[in-house]
Amino acid sequence: MLRDLRNIDKSLVTGLIARQLFTRMGEYHKRLKVSTFFDREMKGPVLPDRVWLLIDEAHVIAPADVKAPARAALVEYVKRGRDSGLSLALATQQPSAVDDGILSQNNITFSHRLTFQSDISATSNRIPTKQISEIKLSGVKVREFGDMLRYLDTGQCLLGDHNTSRVVLIHVRPRLTSHGGYSPS
């Protein structure tokens, strides 16, 4: 939890974590490949084959308009980390405010309702597949992707998937928490 840190410090800590994961997982996968190639038992610590780095409020950690400390590490992480079992999940309510060098590598997007045109345009430009041409939302036929994002109800989401080349409408169940899904006061 980085809640109590300044935004620049949140970015710095995230960059350090991304860099360490990239380095350690890269070394681990190199040892794994060599031991597999030579059919030998691998020496050293055993790590998971896959690691996910989850970042909430991504526009704070890697903003588009400021050179943040995490930027270089996250760009390297997303561009070269797949070979080492690294994956990145970003969450933001402001897709237009997230660094484009990081978003350019996304394979899956979950897009909930957006209202600001800059965020709608950023999301439309980064959907990793062809956009759907028509959908019925709230009883209305919608043909523009931006309008589809505006008409989504709570719990609805457009999932864009590069591997299947599809965009589908999904429903996410409400979160079940002790406080009923609402932010506790």
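The values are calculated or read from the model by the stated rules, or taken from the named source; none is laboratory data. On a predicted model such as this, the values are computed, not experimentally measured, just so you know. No Cβ is skipped: glycine too gets one built from the backbone with ideal geometry, and neighbour counts run over all protein chains shown. Quick note on the areas: whole protein, heavy atoms, side chains included, nothing else; ligands and nucleic acids left out. Shrake-Rupley method; radii C 1.70, N 1.55, O 1.52, S 1.80 Å.
Restricting the range 42-74 to residues that are surrounded by fewer than 18 Cβ atoms within 10 Å (Cβ to Cβ) and of a type in the set (Val, Ile, Thr), which is nearest to the chain's Cα centre (by Cα)? My answer is 51. When restricted to residues that are more than 25 Å from residue 5 (Cβ to Cβ), part of a helix (DSSP H, G or I) and in contact with a Gly (Cβ under 7 Å, 6 or more places away or on another chain), the range 31-84 contains 2.
Does at least one position in the range 22-30 carry a residue that is in a helix (DSSP H, G or I), at pLDDT below 95 and farther than 14 Å from residue 84 by Cβ? The answer is no; no qualifying residue exists. Is it the case, given these coordinates, that residue 81 is open to solvent by less than 90 Å² (accessible area, probe 1.4 Å), closer than 30 Å to residue 124 by Cβ and at pLDDT 95 or above? No; evaluated as a whole, the condition is false for this residue. Among the residues examined, residue 78 does not qualify as over 21 Å from residue 26 (Cβ atoms) and either of a type outside the set (Gly, Ala, Ser) or free of Cβ contacts under 8 Å to residues at least 24 places away in the same chain (or both). Is it true that residue 17 is at pLDDT 95 or above, surrounded by fewer than 20 Cβ atoms within 10 Å (Cβ to Cβ) and over 23 Å from residue 128 (Cβ atoms)? For residue 17, the condition - at pLDDT 95 or above, surrounded by fewer than 20 Cβ atoms within 10 Å (Cβ to Cβ) and over 23 Å from residue 128 (Cβ atoms) - is met. In the range 38-63, the residues that are under 13 Å from residue 11 (Cα atoms) reach residues that are among the charged types (D, E, K, R) with C-beta atoms within less than 7 angstrom, at least six apart or across chains, in these pairs: 60/10; 61/10; 62/71; 62/99; 63/99. Scanning for something in a loop (DSSP other than H, G, I, E, B), in contact with a strand residue (DSSP E or B) (Cβ under 7 Å, 6 or more places away or on another chain) and open to solvent by less than 50 Å² (accessible area, probe 1.4 Å), does the range 149-169 turn up at least one residue? Taking every residue of the range 149-169 in turn, at least one turns out to be in a loop (DSSP other than H, G, I, E, B), in contact with a strand residue (DSSP E or B) (Cβ under 7 Å, 6 or more places away or on another chain) and open to solvent by less than 50 Å² (accessible area, probe 1.4 Å).
Among the residues of the range 133-171, the ones that are touching a residue at least 12 places away in the same chain (Cβ under 8 Å) and among the basic types (Lys, Arg) come to 2 in all.
Going through (1) under 19 Å from residue 59 (Cα atoms); (2) in a strand (DSSP E or B) one by one, residue 105 falls short only on (2). Quick one: in the range 90-127, of everything that is acidic (Asp, Glu) and either farther than 18 Å from residue 78 by Cα or open to solvent by less than 70 Å² (accessible area, probe 1.4 Å) (or both), which residue is farthest from the chain's Cα centre (by Cα)? The extreme case among them is 119. Of all residues assigned to the range 88-100, at least one qualifies as being of a type in the set (S, T, N, Q) and farther than 30 Å from residue 25 by Cβ.
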